[in-house]
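Take a look at the structure set out below.
The values are calculated or read from the model by the stated rules, or taken from the named source; none is laboratory data. Just so you know, these numbers come straight off a predicted model, no measurement behind them. So basically every Cβ, Gly included, is an ideal-geometry build from the backbone, and we count neighbours across all protein chains shown.
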Amino acid sequence: METSFLTNKKLDEKQLRMILDLSEHDDPIVFAVVGDISETAHYGCSVLLVTRSYLFRCNLETGECSEKTAFADVEKVYNKRMYGNGLMRAEMRDGSTRELFRFTFAVAALCDATATYVNDIQKGNTSPEEALEAVAATYQKQLSICPRCGRTLSAPGVPCINCMNKGKLLKKLVKYLKPQTGVLIISVILSIITTALALAPPRLTQTLVDDILPNQRRDLLMIVSLALVGIHITRFALGGIRGYMLRVAGNKIVAAIRCEVYEKAQHLPMRFYDKTSTGAVINRISGDTATLQSFMLRITQEVVVQFFKLVGIIIVMLSMNWKLTLLSLCPVPIIVIGSRIFRKKIAPFYHRIWRRSSAVTSTLTDTIPGIRVIKSFTNEKNAVKRFESCVDEWREIDSKAGKILNAYPAIINALITCGSVIIWAMGGTLVIDALEANTVGEISVGLLVSFISYASMFYEPVNFFANLSDSTQHAMASTERIMDILDVEPEHDFGKGNKSANIGGRIEFKNVNFSFDRTKKVLKNINLTIEPGDIVGIVGTTGSGKSTLINLLLRYYDHYDGQITVDGVDIRDIDMEYYRSHIGYVQQEPMMFHDTIYNNIAYGDDSFSVDEIINAADIANAHEFIVRQPDGYDSVLGERGVGLSGGERQRVSIARAMLRNPQMLVFDEATASVDSETEHLIQEAIEHLISGRTTLMIAHRLSTLSKANKIVVVDNGQIIECGTPQELMEKKGKYYRLVQIQSMSDKVAESRRAEKFD
Amino acid sequence: MSRIYVDKYLGRLERADIYRVRLIMRDGSVFENLEPRRLFPFSNTSMYITLLDKNEKEVGFIRNLDELDEQSVKVLEECFAEYYMIPQITAILAISEKFGSLKWTVETDRGVITFRIMNRQSDVKRMHGTNRILFRDSNDNRYEIRDYTALDAASQRKLFPFL
C-alpha cells in the first residue's frame, strides 16, 4: 500500500489502512506524527493526524479517535515541555484550552513543526503548501537521524554507522592493513617455517633416546646435536627478523590510524565535543589506536601461525601413535568449554570493575585540580572519605573478580598437567609391556618422551583459540571508539569553493531557532540585521544565549532552523575555511599554545613578515610587555617564569586576530576577567582593531560598549531590545535598567576607592 | 524579595488544568495558572516545591507537603503525576549491545518500552551509596529503578555490569 502522507515511523499494513480509512477525500491527511505514549502517558502507539484544515489524535491499538480540532477554531497551538514528556495544547478562540497530543521527546521536533504549521495556516502567514514544505523538511531531518539509535546521519537515508554490523567494521580495518600486505605475507611464511622447525626437535629426541644413546653412536650424536643447534639458531633468527618486520609494519599502521583520527578530530563539529569530553578523544587517539594495532597483527599473524602449529602437531602425533593422540586430546573440549564459561562469567565483572575504577579516576580529576577550593572550605576530610568509598567499591568488586580470574587458570593448568601424567602412565605401561615381552612394541621410550613434548606444545594453540574472542571483543570496543570519531560526519562544508561572499557585508539572522539537544530551545526566533561597519554590543544575563548567538555566526553549530546570511549569502553555503579566516574571534580566556610568543601571534601562518607581527603586537598594546621579557618574542609561553597574565594573553590574542586583517570581528567578553587599567589597554587595542570593520561584542561591562552604535539585549534566548544606545536609554527598558545598575555600582566602587586613597 | 511560603494557614491549591494549579490565599487573593515543580525531583519528591507563573517566576514556595491541607496535597500529586514522566522500571527483559549503543527492553509501570542508551557510562547512573539507578536514553527521556535489589533475579543479573 502506498503511503500518501508523511510519517516518522514505518507503519504496518493494518495501521496504514486504519489511517487511510480516516482520511477524507477532499481534505486528506497530509502528515502523521507517530508517538509512543497515550494521553494518559502509558506506552502505546498514539498518532497525531493532520490535514490541511484540522487535526486529531488516534490510538492505533484501540482505534479510538479524539474529536477533530479545526484550525479555524484555534487561537494558538503550543507545546508544553514537561519532564520526560510534552503536551501539545491549543488555545481555542472561545478561550478554552484543549489537549491535542501527548508525546515523549522522541518526536518533540515534529510536534514543534506541527504547532508552527497550524499557527501559520491559521494566521494566514503562509499557504498550507508552504507550511507543509516546512513540516516535510522536519520529517527529512528526522530521517537524517537514525530512527533506531537517534544518532545524526551524514546524509538523510544512509545506513547508520552506529547500527552497522561488526563484519563491516572489520572491512574498514582491512583498509589499514592493505599497504602492509607484502610484509604480512613474508612474515606469515617466515612463521610457518619457524613453526615447522619448532616441530623437529622432539622428533630428533626420539632418535637420540631410542637409537643413538643405547647403541653408543658418538658420530651420530655429534651430527644430531649440531642439527639441533642449527635448527634452534635458524628458528630464533627467523623469529627475530619476523618480529622486527611486524614491528615496522605495525608502527606504520598505528601511525596511519592515529594521524587519520587526529586529522578527523580537527574537523569534528563542536556538537561532538559538547557530548564527548576532550579527554576521551585524546584517549582514543593515543590508547585505542595501540590496542587496534596489536589486534590487527594478532589476527593476521597469530591466527595463521597457531592454526599451522595446531594442525602440524596433531598430524605428527597421529603419525606417532593414534591411541595416545586421542588420549591427549581428551582435555581439549573441557578447556574450550571451560574458557567459554569463564569468559561469560568474567565479562560483567570487567564492565563493573571498569565503572568503579573510572569512578576513582574521576574523583581524582575532580578534586586534585580543585585542591584550592577543598582547602579553603576545609573539606579535606570529606574528600578523603568520598575517595575512600570509591576505592573501597572498586576493591570489593575487583577482589571478587580475582577469585574467578585465578581459579580458571589454576583449574586448566591442573587439567593439562594431569593429562600429561595420564600419557606417562598409559604410554609407560605400553613401553614396559614391550620391554617385558622383549619385543619391539608399538611404543618405544624415545617415542614416549618426544610424544610428551608434542602434547605439551599442543596446548598453546588450543589456549590461543579459546581466548581469541576475548581479545577480539577488547579490540572491537577500541575499534568502535575510533570509528566513532572517524565516521562522525565532519562539519558540513556544503559551500566548499564558494569564496565570493563579502564577509564584511550585511549580516542577517532570519527566524533563527536553535537548541543543543531536543529538550530546551536556547535561541528563539532571532531576527537581527547588522549593517557593514556596525559595532554591535550584545548584552544580557549569563545563560541568556549571547554566546550561542556568536557560536552560530562562527558556524560552530549548523543545525539551527532559519537562516543566517552575510552579504545575502547563507553562511552555510560559504566555504568554511574562507569564511572563518575572515572573522577575527577573541575569546574570554584565550588559549595560548606551548610555543614562542612570536609563533603564538603568527599561529601557523608563515606568510607574515616579522615587521607585520611586531606591528600587530604594537597595535594590540602587546608589544610593550613583550619587550620587557628577557627573551622578547622568543619567550616560550608556559615555560619556567613565562606565564602571561590574563590581560597580557588577551592582548596577544587580539594581536593574533589583528594580524589576519579580518573583515568581521567578534569579541566574547574580552575584558571580563581583567582589572580596569588593563581593561583600558585592551579597550584601546580593540578600538585600533575595529575601525571600519563589522564588529560584534559580547560584554558584561557596559563601559566596553562605549563605541557601539547598536545594542542588542538578549534574554532567555530572545532578542528583547534592539537599537542605538540612545534609543534604548529613552525606551527605559532592560538596557536602561542595566546601565542604571552598573553606573550605580561603578559610583560605589569609585567612592570606595576614593575613601581608601584619602 | 521575600518568598511566600505557602502552607495550609496561608492558602490552598486547586487544579487549574492538566499540570497547573490555582493558588487561593486566605486573604482572598488568587494566583492563576501556576506551575508546580519539584526542586529535588530525584532526591526528595515531597519537599521543596516551587510554584512558577507563566514567565517562570516564583510566586509561591512549599517547604513540605505536610504543611498543606489534604486536598491541596492531592492536587499537587495529581499534577506531578502528569508532569513528571519518569517511568519506573519493574523488570529488565533484554539488553543487547550493538556497536557501542545498548538497546534495552524493559517493563515499566507505564508498559513495555524499548529504548537506546548511547553511553553506558554516563547514561546509566547509580546514585552514589544507594540502590537507585537513573537512566537517560538517546532521546533524553528518563527512566528510573528505585531499588535494584527489589527486581527479580534475572533482571538483576542483566543489570550487574552497570552497577
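Worth a mention:
- Of the candidates A:ILE432, A:ILE371, the single residue that is farther than 18 Å from A:LYS323 by Cα and surrounded by 11 or more Cβ atoms within 10 Å (Cβ to Cβ) is A:ILE371.
- You will find that of B:GLU78, B:GLU82, the residue that is of a type in the set (D, E, K, R), more than 10 Å from chain A (Cβ to nearest Cβ), part of a helix (DSSP H, G or I) and in contact (Cβ under 8 Å) with a residue 12 or more places away in the chain is B:GLU78 and no other.
- In summary, A:ASP21 fulfils each of the numbered conditions (1) without any contact (Cβ under 8 Å) to a residue 60 or more places away in the chain; (2) out of contact with any Cys (no Cβ under 8 Å at 6 or more places or on another chain); (3) buried (at least 17 other Cβ atoms within 10 Å of the Cβ) with the single exception of condition (3).
- Scanning the stretch A:315-336 for residues that are touching a Ser or Thr at 6+ places or on another chain (Cβ under 7 Å) and surrounded by fewer than 19 Cβ atoms within 10 Å (Cβ to Cβ) returns a single hit, A:LEU318.
- Test: residue in the stretch B:35-45 that is among the charged types (D, E, K, R) and free of Cβ contacts under 8 Å to residues at least 12 places away in the same chain: no
- Total residues in the stretch A:20-51, condition within 27 Å of A:LEU87 (Cβ to Cβ) and assigned to a loop (DSSP other than H, G, I, E, B): 12
- Checked against (1) hydroxyl-bearing (Ser, Thr, Tyr); (2) more than 30 Å from B:GLN156 (Cα to Cα); (3) in contact (Cβ under 8 Å) with a residue 40 or more places away in the chain, A:TYR350 passes all but a single condition, namely (2).
- One residue from A:GLY562, A:GLY537 being under 23 Å from A:HIS492 (Cα atoms) and either surrounded by fewer than 17 Cβ atoms within 10 Å (Cβ to Cβ) or in the same structural domain as A:ARG660 (by TED's automatic domain parsing) (or both): A:GLY562
- Counting only strands (runs of 3 or more DSSP E) that fall entirely inside the stretch B:100-156 and contain at least 2 residues that are at pLDDT 90 or above and either buried (at least 20 other Cβ atoms within 10 Å of the Cβ) or more than 11 Å from chain A (Cβ to nearest Cβ) (or both), the qualifying elements are B:101-108, B:133-136, B:142-145.
- Screening the stretch A:52-124 for strands (runs of 3 or more DSSP E) wholly inside it with 1 or more residues that are within 13 Å of chain B (Cβ to nearest Cβ), more than 18 Å from A:PHE5 (Cβ to Cβ) and of a type in the set (Val, Ile, Thr) returns the ranges A:97-103.
- Residue pairs meeting the criteria (Cβ under 9 Å; at least 6 apart or on separate chains; first part of a helix (DSSP H, G or I), in the stretch A:426-441; second at pLDDT below 85 and acidic (Asp, Glu)): A:LEU430/A:GLU442; A:ALA434/A:GLU442
- Screening A:ARG17 on (1) out of contact with any strand residue (DSSP E or B) (no Cβ under 8 Å at 6 or more places or on another chain); (2) in a loop (DSSP other than H, G, I, E, B) shows it passes everything except condition (2).
- When A:GLU491, A:GLU508 are screened for being in contact with a strand residue (DSSP E or B) (Cβ under 8 Å, 6 or more places away or on another chain), outside any helix (DSSP H, G or I) and among the charged types (D, E, K, R), only A:GLU508 passes.
- Test: A:ARG386 is touching an Asp or Glu at 6+ places or on another chain (Cβ under 8 Å) and part of a helix (DSSP H, G or I): no
- Condition met for A:MET697 (buried (at least 16 other Cβ atoms within 10 Å of the Cβ) and either in contact (Cβ under 8 Å) with a residue 24 or more places away in the chain or in a helix (DSSP H, G or I) (or both)): yes
- Filtered by the rule that a residue be among the hydrophobic types (A, V, I, L, M, F, W, C), farther than 16 Å from A:ASN661 by Cβ and in a loop (DSSP other than H, G, I, E, B), the stretch A:615-640 gives A:ALA622, A:VAL627, A:LEU637.
- Among the residues of the stretch A:356-368, those that are touching an Asp or Glu at 6+ places or on another chain (Cβ under 9 Å) and either exposed (fewer than 14 other Cβ atoms within 10 Å of the Cβ) or within 12 Å of chain B (Cβ to nearest Cβ) (or both) comprise A:ARG356, A:SER357, A:ALA359.
- Residue in the stretch A:347-365 that is aliphatic (A, V, I, L, M), in the same structural domain as A:PHE458 (by TED's automatic domain parsing) and closer than 20 Å to A:SER471 by Cα present: yes
- Top-ranked residue of the stretch A:490-523 - restricted to ones that are within 14 Å of another protein chain (Cβ to nearest Cβ) and touching a helix residue (DSSP H, G or I) at 6+ places or on another chain (Cβ under 7 Å), ranked as modelled with the highest pLDDT: A:PHE516
- Cross-chain or 6+ apart pairs with Cβ under 6 Å, the stretch A:29-45 first and more than 7 Å from every other protein chain (Cβ to nearest Cβ), then in a strand (DSSP E or B) and of a type in the set (Gly, Ala, Ser): A:GLY35/A:SER46; A:SER38/A:GLY44; A:SER38/A:SER46
- Looking across the stretch A:337-349 at every residue that is among the hydrophobic types (A, V, I, L, M, F, W, C) and surrounded by fewer than 14 Cβ atoms within 10 Å (Cβ to Cβ), the one that is nearest to A:VAL421 (Cα to Cα) is identified as A:ILE337.
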